[in-house]
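Computed from the coordinates by the stated procedures, all read-outs in this text should not be read as laboratory data. Only a predicted model underlies this, so the values are computations on that prediction, with no experimental measurement involved. Every residue, glycine among them, receives a Cβ derived from its backbone with ideal geometry; neighbour counts consider all protein chains shown.
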Amino acid sequence: MASGKGYDFSIILAEAGVDFDPQDENSAGYRPEVSAMQYSRIYQQVLLLLQDETFGANGSAMAAPGGFRMMCYCIISCENLGQAIKRASEFYRTFFDERGQLYANFTEQYTRVGYRMLNSTAHQVSAADAYGLSMWHRFFGWLCGRPLELKRVDFSGDAPNNIARYEALFGCPLHFNQRYDLLYFNSECLAWPVVHTEHSLREFLRTAPYQLLIMEEDGAGNKLSAQVKAMIGHDFSEGFPSFETISGALNMSAPTLRRRLKREGTTFQQLKDDCRCNAAKLHLGRPEQSVNEVALQMGFTDPSAFHRSFKKWTGMTPGQYRSSHGKSRTAEPS
């Protein structure tokens, strides 16, 4: 999409730290995958250039700049997933044309969410088709702080050649040549509470889609610790949510939450450290921020304390970590 608009994709790849062309299997150094961090850097650059948060994937003539961002702010105050999906669907129905609208249908057993591609011509399912549905699937899971198990995924197009990769992406039966592109999941999930706030949403939007991509790598399943980590978030410049705040949001007493986390082999402090470590790695991967700026973002007023903590977490100083990941800055302290 960026190349079609006249942008040099090789420059975008280089800025993201990708030393091969992921679209060309014959390119030097080709690998079938890029990291979540690299993909997020590519996404952010293309978003900035095209001002289109969908990458043009849905073909909507009204994929207005900032549309997804504003939708997020409209739904973040919803009590549960069902309300969030209804409000998101209403948002897209109000501001987007038919090709960009989000279709949602609730029944007692299953919920269906996706796109109704009106007057679509025969085509083979592409990576862009799968990308659109996969991001919605992960976004819904992110809202609730836990993965959303899919029961079925429908595509309006013909089956792709590498169908196994699509099956691995969704982890459920896939159906092709259907009327719409849809996700299916149990309607009982609609009652799951939305655990995020505007504060954690701001960091999510600033680094999207990184937090969605790493959900697959976090094998925590439906563990309570996964929900707590989602509520802690990745932005600590204004401090951490208190233990009491999180236990209240989960509708349980502080002793009960502490006891259940212990059964999962962790503590609130360990989860805070894990979140802060992951967030620090994320920020250190952004070359426009100095190490001292990252320290402040992590809630450290003393940069030396950040250096000590980061080395305790990873065995490396922040400068060493940044250098080892190919994003060092000149005159950067280690």
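The table below lists the values:
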read-out: Nonlocal amide H pairs with MET298, under 5 Å, H built at 1.01 Å; value: none
read-out: Count of lysine pairs in segment 223-324 with Cα separation under 23 Å (8 or more residues apart, or interchain); value: 14
read-out: Amide H within-cut-off set for ASN80, under 5 Å, with H built and near neighbours excluded; value: VAL194
read-out: Amide H partners (placed H, <5 Å) of TYR103, local residues excluded; value: GLY114, TYR115, ARG116
read-out: Nearest-0.05 FRET efficiency for GLU264 and HIS123, computed from C-beta distance (R0 35 Å); value: 0.20
